[in-house]
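Taking it in order: structure first as structure tokens, then the write-up.
The values are calculated or read from the model by the stated rules, or taken from the named source; none is laboratory data. Note that the coordinates shown come from a computational prediction; the quantities given were computed from them, not determined experimentally. Using ideal geometry, Cβ is built from the backbone for each residue, glycine included, and neighbour counts are taken over all protein chains shown. These accessible areas exclude ligands, DNA and RNA; they are computed on the full protein's heavy atoms, side chains included. Shrake-Rupley method; radii C 1.70, N 1.55, O 1.52, S 1.80 Å.
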Amino acid sequence: QVQLVESGGGLVQPGGSLRLSCAASGSRFVINIMGWFRQAPGKQRELVAESINGGNTNYQDSVKGRFTISRDSAKNTVYLQMNSLKPEDTAIYYCNARSVVGNFWGQGTQVTVSS
């Protein structure tokens with residue numbers, strides 16, 4: 001079983017920045033992908049960004065150029081730097097980790113972008 005602990009959410013004004021962190025522990029197998037999803041009220045959970053072993057990254061089109069995902073594989077930690085935040089970025093952000101044995105989720109952290 002993999003435990004994911006997130007931090008870094010909060011309230012920020014439009015145009016501001018936040019940095020999310022997620023630390024994974026307890027995995028007996030290599031974590032192949034770590035990433036972030038988000039879910040706004042009344043909407044489905046969607047991929048924001050993911051980091052794949054070997055260095056590849058994927059981003060949702062709406063965050064390209066504003067968000068940057070990075071990963072410290074030695075620490076099993078993934079970060080999401082969010083710049084130029086918009087009200088439509090408001091959501092609960094969930095950390096996600098995938099290995100050969102499963103797909104694991106953090107408890108979620110609220111990001112609110114509002115003036």
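Of the numbered criteria (1) touching a Ser or Thr at 6+ places or on another chain (Cβ under 9 Å); (2) of a type in the set (S, T, N, Q); (3) modelled with pLDDT under 95, the one THR57 fails is (3). Scoring ALA24 on the criteria (1) at pLDDT below 95; (2) closer than 30 Å to SER115 by Cβ; (3) open to solvent by less than 20 Å² (accessible area, probe 1.4 Å) leaves a single failure, condition (2).
The test for being in contact with a Phe, Trp or Tyr (Cβ under 9 Å, 6 or more places away or on another chain) and open to solvent by less than 20 Å² (accessible area, probe 1.4 Å) does not hold for LEU47. The set of residues in region 73-109 being β-branched (Val, Ile, Thr) and open to solvent by 70 Å² or more (accessible area, probe 1.4 Å) consists of VAL100, VAL101.
Okay, residues lined up against (1) aromatic (Phe, Trp, Tyr); (2) closer than 19 Å to VAL5 by Cβ:
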position	(1), (2)
VAL48	no, yes
ASN53	no, no
THR77	no, yes
PRO87	no, no
VAL101	no, no
TRP105	yes, yes
VAL111	no, yes
